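One structure below.
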Amino acid sequence: MPYDLVITNGTVATAADVFKADIGIHDGRIVQIGGDMGSATRVIDAAGKYVLPGGIDSHVHIAQPSGPGIVMADDFDSATRAAAFGGNTTVMPFCLQERGQSLTTAFRDYRQKAEGAHVDFGFHMIVTDPTPQVLGQELPALIEEGQRSVKVFMSYEAMRLDDAGILATMDVARRHGAKVMVHCENEDVIAFLAARAAEAGDLAPRAHATTRPVAAEREATHRALTLAEVVDVPIVIVHVSNGAAIDEIARARARGVNITAETCPQYLVLEANDLSRENWEGAKFVCSPPPRDTAEQKNCWLGLQSGLFDLFSSDHCPFRYDDAQGKRNPEGLRSFRHIPNGIPGIETRLPILFSEGVMKGRIDLTRFVALTSTNHARAYDMYPQKGTIAIGADADITIWDPQIRRTIKHSDLHDASDYSPYEGFEVTGWPETVILRGVPIVEGGMMTAKAIGTEVLRRGA
Ligand code: URP
Ligand code: ZN
Ligand code: ZN
């Protein structure tokens, strides 16, 4: 029987090896690596290209409720289209339980929103209201069903849990076999500094960065790790921005805490100074934790190189600059406190790391694959179906052309925001062809197949 697709002449990389081999694909799976392929319905010649596992972005916010009047720019259609163009074949967005809401209802409604996605997807749950009903019944049932990752916030007044709430949520996660993702910033420190800044009339976007200092992240990281240590639950420290938080992670790992650590492009190539741009343009860089400085960028690079970080995710959280309730704000609300937190980045995550990391010699291809695909699949129970090039794995493959040079422009991107914080950034290397379960969905700058993304069934331990 001929293969559906054969990829010839490429340089294949996994998280372990780089080698030359042809790849045969049948019925959405990889069925042969190397050797004589026989006939094929379609052949893609990947000479001079890298053939990598499709990107998995395990930290994205899509169509998530964001406060009164504030609407996230992307729905699943636009976000997953942008994800595909950026070399991704799986994304993992968050289902938010709003306070007073049932987690089960939130999850059912959110799953419906994902219908029609252009890439595969899995979910994380966000618990903001750990009632006896949620912790006693709803969360255990969802974890048993396969939703094996729960996020809690230490920051954001409308979402944060106190330590007692975090401990109780962690305990349920431990007993039912889930890991707990934590947004680590000390909200009381931030509220104190934000009130002081407002009193001083310091309302411009830059105050977002000065009121969310490294100390607030370091303290919360230490506390989250301590709580996970006490409960003995696996923890994911998301969007780490600085060396002090990295040190806390290294120390806790040495004590035996089971930690997955994540950083994001904004902590490698953006800076707090970007929030000082004139005419409220600094609002385009408002995310939490905020970008830091060049010394902290170096610390994050060291963390990527040393293996301290397991995951490189986008934390895509798209708002529009020109929306009345978006990044620009109506005149009367012009304060950093009203700028929604989060920046778009689902399409630019992989090109930025490929260019700044692989092409500039900071990391090799195997580390790139681990940080952008394999480790996400391992961390969230999708491996080896996802995240690798191996016989029997889903044929989720991205073919990279290392010769392509591009200047990032939002007008070329596919999300539904109206700006990119990376506008003008130059990259070398681009994901040219994206294959989802054996079907090329992006080729030559075009989407070539209609939506076929499905929910990934996550395996139990
Ligand atoms: O600013 C950010 N990161 N917004 C997204 C929500 C979160 O904190 O992950
Ligand atoms: Zn967060
Ligand atoms: Zn996030």
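Worth pointing out:
- Local electrostatic count at residue 11 - Lys and Arg +1, Asp and Glu -1, tallied over other residues with Cβ under 9 Å: +2
- The angle separating the long axis of helix 187-199 from the principal Cα axis of greatest extent in the chain is about 60 degrees.
- Across segment 138-269, the mean sequence separation of Cα contacts (distance under 8 Å, 6 or more residues apart), normalised by length, yields a relative contact order of 24 percent.
- The alpha carbon gyration tensor of segment 85-130 gives principal lengths a ≥ b ≥ c with a/c of 1.5 or higher and a/b greater than b/c, which makes the shape prolate.
- Peptides 341-353, 375-387, ordered by how many other C-beta atoms sit within 10 Å of their residues on average, highest first, read 341-353, 375-387.
- Straight-distance crosslink candidates among lysines, where the alpha carbon sits under 20 Å from residue 20 and sequence neighbours closer than 8 are dropped: 49
- Inter-label distance, residue 16 to residue 322: 5.1 nm, where each label sits 7 Å from its Cα along the C-beta direction.
- Close amide H partners of residue 10, meaning residues 5 or more places away or on another chain with modelled amide H under 5 Å apart, are 21, 46.
- Segment 55-366 shape via C-alpha gyration tensor axes, a/c threshold 1.5: rounded
- Global size of segment 26-135 as Cα Rg and Dmax, reported in angstrom: 19.0, 60
- Counting only alpha carbon atoms, the long axis of helix 294-306 and the longest principal axis of the chain meet at about 50°.
- Across the chain, the mean sequence separation of Cα contacts (distance under 8 Å, 6 or more residues apart), normalised by length, yields a relative contact order of 21 percent.
- Sequence ranges 438-450, 256-268, ranked by mean other-Cβ count within 10 angstrom, highest first: 256-268, 438-450
- Accessible surface, segment 55-366, averaged per residue in Å² (probe 1.4 Å): 34
- Carbon-plus-sulfur accessible fraction, the chain (probe radius 1.4 Å, protein heavy atoms only): 50%.
- Eligible lysines near residue 409 by straight Cα distance, threshold 16 Å, same-chain separation 8 or greater: 284
- Shape of segment 88-163, Cα gyration tensor, a/c cut at 1.5: prolate
- Using alpha-carbon coordinates, inclination of helix 214-231 to the longest axis of the chain, degrees: 70
- Backbone geometry of segment 398-410 corresponds, through the Karplus equation with coefficients 6.51, -1.76 and 1.60 at θ = phi - 60°, to 3J(HN,Hα) couplings of 10, 9, 9, 9, x, 8, 5, 10, 9, 9, 5, 9, 4 Hz, x marking Gly and Pro.
- Rounded to the nearest Hz, the phi-derived 3J(HN,Hα) couplings of segment 127-144 under the Karplus curve 6.51 cos²θ - 1.76 cosθ + 1.60 (θ = phi - 60°) are 9, 10, 9, x, 6, x, 5, 5, 6, x, 10, 5, 5, x, 5, 5, 5, 4, where x marks glycine and proline.
- Karplus-based coupling profile of segment 347-363, in residue order and whole Hz: 8, 9, 4, 5, x, 5, 6, 4, 6, 6, x, 6, 5, 8, x, 7, 9, with θ = phi - 60° in 6.51 cos²θ - 1.76 cosθ + 1.60 and x standing for Gly or Pro.
- Computed [θ] at 222 nm, helices only, for the chain once each DSSP H run of length n ≥ 4 contributes -39500 (n - 2.57): -7500 deg cm²/dmol
The values are calculated or read from the model by the stated rules, or taken from the named source; none is laboratory data. Note that this is a predicted model, so its numbers are computed, not measured. As a convention, Cβ positions derive from the backbone with ideal geometry for all residues, glycine included, and neighbour counts pool all protein chains shown. We work out accessible area using only protein heavy atoms, side chains counted, and drop any ligands, DNA or RNA first. Shrake-Rupley method; radii C 1.70, N 1.55, O 1.52, S 1.80 Å.
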